[in-house]
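The values are calculated or read from the model by the stated rules, or taken from the named source; none is laboratory data. What you are looking at is a predicted structure, and each value in this text was computed from that prediction instead of being measured. Note that each Cβ is placed from the backbone with ideal geometry, even for glycine, and that neighbours are counted across all protein chains shown. The protein model used for the area step is the full one, side chains on, heavy atoms only, and it has no ligands, DNA or RNA in it. Shrake-Rupley method; radii C 1.70, N 1.55, O 1.52, S 1.80 Å.
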Amino acid sequence: MSAFRVVSQCVLELDNAFIADAAKAWPRLENLTLLPSPLPEASTRLKMTLSGLIPLIRHCPDLNFLQVSIVADPFEPSLLLPKMFNMNITSLHFTHAHIDKPLAVFRCLVCMFPKLQEVTVLGSSGDWETLSSLIRESSNDIWPILRSEL
């Protein structure tokens, strides 16, 4: 399977275990969209997290489009095994994503997606705007640094 798209309220029930199972089952996945519809209340607690996307990097090397609803909690970069990243994704699309620590999340994202140039968030807050600005400012600088370390 190269594309999987679900736009439904059931997306709110999907968690990191679902992403891990899907990534293992669909190693040729190129496009993943998981969106709640209608959009939930801002207080709704999502079950997918930023670290939950790691199996997609590990098992889906062709992934080039990602649009999901997550809790953007930073994680320890050592969870990314050496040289484990996705070079295809240059933009990420989040919906109803919660973020508290934009700088820490920025560090995680650029480790996961070194060629990332843009992050869009439907209904973004000031913290997401801060993160988007960091991504835009660094997008030309990160990859040459990472490439020299490989």
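Data for the structure
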{"quantity": "Residues located in the stretch 68-100, provided they are open to solvent by 40 Å² or more (accessible area, probe 1.4 Å) and at pLDDT 90 or above", "calculated": "Asp73, Pro74, Glu76, Leu79, Phe85, Met87, Asn88, Thr90"}
{"quantity": "Of all residues in the stretch 107-126 being assigned to a helix (DSSP H, G or I) and closer than 24 Å to Leu79 by Cα, the one that is most open to solvent (accessible area, probe 1.4 Å)", "calculated": "Arg107"}
{"quantity": "Count of the stretch 44-65 residues which are under 14 Å from Asn86 (Cβ atoms) and open to solvent by less than 50 Å² (accessible area, probe 1.4 Å)", "calculated": "8"}
{"quantity": "Residues satisfying the stated conditions in the stretch 16-43, i.e. at pLDDT 95 or above, of a type outside the set (Phe, Trp, Tyr), outside any strand (DSSP E or B) and surrounded by 14 or more Cβ atoms within 10 Å (Cβ to Cβ)", "calculated": "Asn16, Ile19, Ala20, Ala22, Ala23, Leu29, Glu30"}
{"quantity": "Residue check for Phe4: without any contact (Cβ under 8 Å) to a residue 40 or more places away in the chain, open to solvent by less than 60 Å² (accessible area, probe 1.4 Å) and more than 14 Å from the chain's Cα centre (by Cα)", "calculated": "yes"}
{"quantity": "Some residue of the stretch 25-35 being over 21 Å from Lys115 (Cα atoms), without any contact (Cβ under 8 Å) to a residue 60 or more places away in the chain and within 15 Å of the chain's Cα centre (by Cα)", "calculated": "yes"}
{"quantity": "The one condition in (1) over 19 Å from Phe4 (Cα atoms); (2) more than 14 Å from the chain's Cα centre (by Cα); (3) surrounded by fewer than 17 Cβ atoms within 10 Å (Cβ to Cβ) that Leu134 fails to fulfil", "calculated": "(3)"}
